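Everything on this sheet refers to the single structure shown next.
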Amino acid sequence: MKDFLVILLLIVVIALLNTLIGGAAGQALASLFVAIVLFIGKGDFLIAGYNTASKEAKEKCNIKRLRLIMGSCFILLGALLVFMDTIGLGLFMAATLLLVIMTIILANTWAKKK
């Protein structure tokens, strides 16, 4: 039930930000909001793959590091969204692709327990 309420709150906040501010700035603030939720430890169920993983798979993962990686990814994505008009669409797409690749690599190496 708590997860449902957090999801509902996320949807409402993101919709309000996009409606009130609109455009890339609203999406950047929504990204920052998701990052904050991840950093405070209430957004583990938002991490793709982690929420459906078995208990054994979850035990192999360092969730604190994974939260840090995913939260940082959302903050950097928000920064890219803010500067999208300045840097141009091509550079924005390249930087976003690089960010996603780096996030996947870090999540599968640094966030794993040894």
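Counting pairs of alpha carbon atoms under 8 Å apart in space and at least six apart in sequence, what relative contact order in percent does the chain give? Once normalised by length, the contact order is 29 percent. Once the 1.4 Å probe is applied to the protein heavy atoms, the chain comes out at 66 Å² accessible per residue.
Would you mind getting me the FRET efficiency between ILE36 and LYS113? Use the beta-carbon distance for r and R0 = 30 Å, nearest 0.05. About 0.75, to the nearest 0.05. Set against the labelled values [x] 24, 16, 12; [y] 28, 13, 12; [z] 26, 20, 9, semi-axes √(5λ) of the Cα gyration tensor in Å computed from this structure falls on [z]. Dividing the helix sum by the residues of the chain, where each DSSP H run of 4 or more adds -39500 (n - 2.57), gives a mean residue ellipticity at 222 nm of -24500 deg cm²/dmol.
Between CYS61 and LYS113, the built amide H atoms are under 5 Å apart, and every one of these is 5 or more places off in sequence or on another chain.
The values are calculated or read from the model by the stated rules, or taken from the named source; none is laboratory data. Quantities reported herein were computed from a predicted structural model and do not represent experimental measurements. Note: ideal-geometry Cβ built from the backbone for every residue, glycine included; neighbour counts use all protein chains shown. Accessible surface areas use protein heavy atoms only, side chains included; no ligands, DNA or RNA. Shrake-Rupley method; radii C 1.70, N 1.55, O 1.52, S 1.80 Å.
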